[in-house]
Amino acid sequence: MLPFEHQFATLPEPLWAACQPTPVSHPTLIAFNERLAETLGMKEKPDDATLTQWFSGNQLPPGAEPRALGYAGHQFGNFVPQLGDGRALLLGEVVDQRGVRRDVQLKGSGRTPFSRGGDGRSPLGPVLREYLVSEFMAAVGVPTTRALAAVATGERVVRQLPEPGAVFTRVASSHIRVGTFQFAAVRRVEQALKALADHVIARHYPEAASAEDPYLALLEAVAARQATLVAKWMSLGFIHGVMNTDNCSIAGETIDYGPCAFMEQFDPQKVFSSIDQGRRYAFDNQPTIAQWNLARFAETLLPLMREDGDAVVEQATDIIRRFEPLFDAEQRRLHADKLGLTADSDQAVPLMKGLESHMHQGRMDMTATFDALTHYAETLSEQHKEALLALTTEPRELAAWLATWQVEQAASQNSERLATMRRANPVIIPRNHRVQEVIDAAYEGDFAPFHTLLAVVTQPYDESEEARRLAAPATENEQVLRTFCGT
């Protein structure tokens, strides 16, 4: 069993509502993350029948006290004062083996007081997508929520058409979002807002407690984590797809994977999400949107800050302005790693801009390009150079860029730099067409492709034949052009 605690439940009740999951008819266990369970303190794995009951919501694990969390949010720029967990329930918190408090949450477990007429369920497809992508992100070192379990419900949910249902069990440093603060702030209950902020400081940013103004320090710390997070997303071609304030984690983790996707053919304005009609959350817009979300967070904290009037607004604005240089610094470091350069190279940014231009104009696959560049850096062989040039429709232009890159890269080449370069450039990502293949097979009752892909994406530097097969870019007929959130 998991040693549950319930610290969030000590906060004022407007921030949460007690609620029970709705049982399902014929649950079956799809996957259980034993390694993650061990880190959470589950000393002995229960049998599959017990796991199925726990993680379908049919039977509560010992010590669980389910609650739906309240939050508001700007959805595509439009403020909605009450959203909340309309299909999710926090079972409780667990202090893991590293001493970190982590939430355990059911997602798709039925209606809650925040459902707003929804069914509180999740289709199977989004559950499998989130399981695969979140575990890949953890494997490459991107801060993320984690997948603990997935259970098929044996029931249908209706979106555009009836689909198989599932329940996902998610682990997070917390499920507190910018929207959680907006939920408290819009109610003008300063006691609840202060209690929430103090909880976040104690849980995630204890160093802020001793600052001259703890709430200003909290804003600064959250901004720094968001800058790092979004830079890491972009180094992998990741497009979140729905960066609303209610999907912006205060802990600095990737959360709510809905219509997410990884960019294949490089295009800075790429959008996959079917609901992002205005391209608000396009790949290249993500840093700007993160900064915008942080400005909304700052607005909620103003009543708690030490100064008031114009002075406090200027202090908060200054921190929001610092997001851009923080993001640029992290991106510059990641650029250097991906190109095999030293961290202080002044050529990392211009070289990356040049390569991105070539990838865009030459219709190059982003992941395949950096994988091939890594192989070329390791060997400098003509064979690997030709393999890289074969990825572009404009080989002459790319060859000229390679000549410039090689001069800079040769100055810093050593085994440590090459190892860092490989860690920055995974062989495989959860490619959109592969994820769709897995979902299609699962809808027919075949989960073997899911387990095969999961094994590969959680070993993202594997050079095996199977990994190479699943790493191949989509053909013209295999491309997935749109993704859906499942709500």
Practice task
Report, please, the projected area of region 264-378 averaged over directions, based on the convex hull of its C-alpha atoms, in nm².
Solution key: 9.9
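Starting from the Cα-Cα distance between ALA139 and GLN7, subtract it from 0.36 nm times their residue separation and give me the gain in nm to one decimal. Show your work: numbers first, answer last.
Values: separation 132, 0.36 × 132 = 47.52 nm, distance 2.87 nm.
Length difference between fully extended and current span is 44.6 nm.
Taking R0 as 25 Å, what FRET efficiency do you get between ASP346 and ARG322 from their Cβ-Cβ distance, rounded to the nearest 0.05? Before the final figure, lay out each step's value.
Details: r = 22 Å, r/R0 = 0.87.
Once the sixth-power term is evaluated, E becomes 0.70.
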Exercise for the section: For the chain, give the percent of accessible area contributed by carbon and sulfur heavy atoms, probe 1.4 Å, rounded to a whole number. Expected result: 50
Practice task
Would you calculate the separation in nanometres between label points at ARG306 and THR288, each defined as 7 Å from the Cα along the Cα-to-beta-carbon direction?
Solution key: 3.5
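Which loop-located trypsin sites (Lys or Arg not before Pro) does region 360-415 contain, where loop means any DSSP state but H, G, I, E or B and the Cβ has at most 14 other Cβ atoms within 10 Å? Walk me through the numbers on the way to the answer.
Values: sites: ARG363, LYS385, ARG396; in loops: ARG363.
Counting only loop positions with at most 14 other Cβ atoms within 10 Å, the trypsin sites (Lys or Arg not before Pro) in region 360-415 are ARG363.
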Exercise for the section: Round to a whole angstrom and tell me the spacing of the C-alpha centers of region 300-344 and region 270-294. Expected result: 19
Handout entry: Simple label model, 7 Å out from Cα along Cβ direction - VAL186 to ALA329, nm
Key = 3.5
Problem - Mean Cβ count within 10 Å, highest first, over the residues of peptides 197-205, 172-180 - result: 172-180, 197-205
Handout entry: Excluding exposed DSSP-loop GluC sites (Glu not before Pro) (at most 15 other C-beta within 10 Å), longest clean stretch of the chain
Key = 45-211
Practice task
Would you give the gap between the C-alpha center of region 1-70 and the C-alpha center of region 383-458, rounded to a whole Å?
Solution key: 36
Fill in the blank from the handout: Only helices counted: for the chain, with every DSSP H run of 4 or more residues adding -39500 (n - 2.57) and the sum spread over all residues, [θ] at 222 nm is -14000 deg cm²/dmol
Problem - Mean projected area (nm²) of the alpha-carbon convex hull when region 446-487 is viewed from all directions - result: 4.4
Completion exercise
For region 1-94 the trypsin sites (Lys or Arg not before Pro) that pass both the DSSP coil test and the at-most-12 other-Cβ-within-10 Å test are LYS43
Practice task
Please give the per residue accessible area of the chain, computed with a probe of 1.4 Å over protein heavy atoms only, in Å².
Solution key: 40
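Work out, step by step, the length gained on full extension between GLU34 and ALA472: first 0.36 nm times the residue separation, then minus their alpha carbon distance; give nm to one decimal. Intermediate values should be presented prior to the final figure.
Values: separation 438, 0.36 × 438 = 157.68 nm, distance 2.91 nm.
Here the answer is 154.8 nm.
Given a cut-off of under 8 Å on Cα pairs at least six residues apart, what relative contact order in percent is computed for region 380-469? Before the final figure, lay out each step's value.
Numbers: 38 pairs, mean separation 23.1, N = 90.
Computed over region 380-469, the figure is 26 percent.
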Exercise for the section: Pop a pseudo-label 7 angstrom from the Cα along the beta-carbon direction at both ASP446 and ALA195 and give the gap in nm to one decimal. Expected result: 5.3
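The values are calculated or read from the model by the stated rules, or taken from the named source; none is laboratory data. Note that the structure is predicted; figures quoted are calculated from it, not measured. Positions of Cβ are backbone-derived with ideal geometry, glycine not excepted, and every protein chain shown enters the neighbour counts. Just the protein is used for accessible areas: all its heavy atoms, side chains included, with ligands, DNA and RNA removed. Shrake-Rupley method; radii C 1.70, N 1.55, O 1.52, S 1.80 Å.
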